[in-house]
Amino acid sequence: MDNDNSQSSNRAHWSSTFGFIMAAAGSAVGLGNLWKFPYLVGQNGGSAFIVIYALLLVFIGVPLVIAEITIGRFGQLNPVGSYGLISPKLKWVGAMGLVTGFILLSFYPVVGGWIIYYLYHSFVSFGENPDYAQIFANYTSNPTYPIITLFIFSVMNYLIVALGVEKGIEKYSKIMMPALLIILLIVTFRTLSLDGSWEGVKFIFHPDFSKVNGKTILVAVGQVFFSLSLGMGAMLTYGSYLSKKDNLFKSSISIPIIDTLVALLATIAIMPAVFAFKFEPTAGPALIFITLPAVFAKMPMGFFISIIFFTLMLFAALTSSISMLEGLVSYITDKGHMKRFGATTLVSIIIFLLGIPCSLSFGLLSHINIFPGKSIFDSMDFIASNILMPFGGIMLAICVGWIWDGGLRYETIIVRNQKGNPDVVTNGYVFNSCLKEITNQGTLNFPFMSAWIFIIKWVAPLVVLAIFIDNL
Ligand code: PHE
């Protein structure tokens, strides 16, 4: 029997809208915001990059977040089941999301492990005059220690998800996300009070459009998808735990708002400190693990700032990785083959094993390239972030815009009088299942509806497709 769609009436739900927002914003806020975004700003022309990112976010990211959450709340099922309810032919789109989840979980927790190592070393000094680049290279290329920290991170990830939607994911997101925001504010104030930090603020907000080219836009789109956890079913799964009474539009748009605020704050917290101590702002991926520890070492009270900063990184990484895991677990539990505990255990073991080659690709396996010039770790990141997630986004837009319940469409409705002559002629959008879901059966207002429909049908699929093709 096909039971992807076996809807169980006792399916878990968020205990409050706030709980949903913290969990979903927790999914969005992650290494993408704290690690990637600041260095992308540093490398791609400061606020020129911020402007491009913001445009893509508003015109593509936000509408797609709404679309993805809508499918989940409509289906009240995992990605495969929910897409299957739209059309049985679309189950593969959900399945592709699950595959993306496995790939993301093969490398993301490896970085989570590094964070644990740096958190540990915030307490235990690296010694006199350490060479931070060497420390990072030594650690990541070591064949055992990074696997131990990967294991610790994976256990934390496992425990939270095993505890369930309300008692695990929601509860811990409601603790970790506010803590993260407070810590980020403290670090930002510390940075801005450093002598010379103003140069860094100017660097962030001075647009250098000479650094912008086709590649920049490509990078920005990838970042929008990655940062919003879009196109792989994480938002869909979280949406499936939303109650039918919630205001879907309002809850959904708080996610990109929080996500962007955190990314901007993180940039302001990091870049000016880098400037104040005369380090390179364009350091790229090394920024967090090589430049920042050096910055903290020189900063008055740096010891304390380092501890809270890496705690913040850990929280951000965890609330994201639990959302990657939850999609996979919900698929197995919805199918009814296993209970949550067993499903979480099974998936966690598999992803820990997948993480090992990713971790080793910085040392023992560094000679193995899956794509030309890309290590195992980089290849996993590339397949997930640059191929599967944008492709998932295109399919999401096509499903909602064109397939689901006849697609989003405009119709002229003619009401005839008894003699059969046109009485009232109105033009309007057909209130199909999708629009009914967003507006709670027409009882809620859906601001910017026409613009949203236009974007979902035309702008999002075409723009992402163009960039995608260019990318390949
Ligand atoms: N949005 C997360 C980040 O910025 C990454 C993520 C991708 C989380 C996909 C869940 C799903 O780090």
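The set of residues in region 277-315 that are among the aliphatic types (A, V, I, L, M), farther than 30 Å from Lys174 by Cβ and open to solvent by 20 Å² or more (accessible area, probe 1.4 Å) comprises Ala283, Ala286, Ile290, Ala297. Residues in region 41-56 that are buried (at least 24 other Cβ atoms within 10 Å of the Cβ), within 16 Å of the ligand (Cβ to nearest atom) and of a type outside the set (Phe, Trp, Tyr): Val41 alone. A search for C-beta distances below 7 Å between a residue of region 216-227 that is open to solvent by 10 Å² or more (accessible area, probe 1.4 Å) and any residue that is away from the ligand (no atom under 14 Å from the Cβ) and not in a helix (DSSP H, G or I), counting only pairs 6+ apart in sequence or on different chains, returns Val219/Asn44.
Applying the selection to region 115-130, what residues are open to solvent by 10 Å² or more (accessible area, probe 1.4 Å), of a type in the set (Val, Ile, Thr) and either assigned to a helix (DSSP H, G or I) or over 21 Å from Phe304 (Cβ atoms) (or both)? Within region 115-130, just Ile116 meets the criteria. Residues being in contact with a Leu (Cβ under 8 Å, 6 or more places away or on another chain) and either more than 16 Å from the ligand (Cβ to nearest atom) or modelled with pLDDT under 95 (or both) are entirely absent from region 17-33. Taking each residue of region 175-192 that is under 14 Å from Phe315 (Cβ atoms) and looking for partners that are open to solvent by 70 Å² or more (accessible area, probe 1.4 Å) and of a type outside the set (D, E, K, R) with beta-carbon atoms closer than 6 Å, six or more apart or interchain, yields nothing.
Residue-by-condition table, conditions (1) polar (S, T, N, Q); (2) within 16 Å of the ligand (Cβ to nearest atom); (3) within 30 Å of Val274 (Cα to Cα); (4) at pLDDT 95 or above:
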residue	(1), (2), (3), (4)
Gly327	no, yes, no, yes
Ile332	no, no, no, yes
Leu346	no, no, no, yes
Ile350	no, no, no, yes
Gly355	no, yes, no, yes
Gly363	no, no, yes, no
Phe377	no, yes, yes, no
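Looking only at residues in region 197-215 that are aliphatic (A, V, I, L, M) and open to solvent by 10 Å² or more (accessible area, probe 1.4 Å), the one that is farthest from Ala48 (Cα to Cα) is Val201. For region 269-283, the criterion of being at pLDDT 95 or above and of a type in the set (D, E, K, R) is satisfied by no residue at all. Only residues that are in contact (Cβ under 8 Å) with a residue 12 or more places away in the chain and more than 27 Å from the chain's Cα centre (by Cα) were counted in region 193-205, giving 6. Per the listing Pro357, Pro390, the residue uniquely touching a Gly at 6+ places or on another chain (Cβ under 9 Å) and either among the aliphatic types (A, V, I, L, M) or within 28 Å of Met232 (Cα to Cα) (or both) is Pro390. Out of Gly112, Gly101, Gly61, one residue alone is closer than 30 Å to Pro447 by Cβ, part of a helix (DSSP H, G or I) and either open to solvent by 10 Å² or more (accessible area, probe 1.4 Å) or not hydrophobic (A, V, I, L, M, F, W, C) (or both). It is Gly61.
Every residue, every condition in (1) within 18 Å of Phe37 (Cα to Cα); (2) away from the ligand (no atom under 16 Å from the Cβ); (3) among the acidic types (Asp, Glu), yes or no:
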| residue | (1), (2), (3) |
| --- | --- |
| Ile182 | no, yes, no |
| Val187 | yes, yes, no |
| Thr216 | yes, yes, no |
| Val219 | yes, no, no |
| Gln223 | yes, no, no |
| Leu230 | yes, no, no |
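Only residues that are out of contact with any Leu (no Cβ under 8 Å at 6 or more places or on another chain) and either surrounded by 15 or more Cβ atoms within 10 Å (Cβ to Cβ) or of a type in the set (Ser, Thr, Tyr) (or both) were counted in region 396-435, giving 8. Residues that are within 16 Å of the ligand (Cβ to nearest atom), modelled with pLDDT of 85 or more, hydroxyl-bearing (Ser, Thr, Tyr) and open to solvent by less than 30 Å² (accessible area, probe 1.4 Å) do occur in region 383-392.
The values are calculated or read from the model by the stated rules, or taken from the named source; none is laboratory data. This structure is a prediction, so every number in the text was calculated from the model and none was measured. For neighbour counting, all protein chains shown are included, and Cβ atoms are generated from backbone atoms with ideal geometry for every residue, glycine included. These area figures cover heavy atoms from the full protein model, side chains too; ligands, DNA and RNA do not enter into them. Shrake-Rupley method; radii C 1.70, N 1.55, O 1.52, S 1.80 Å.
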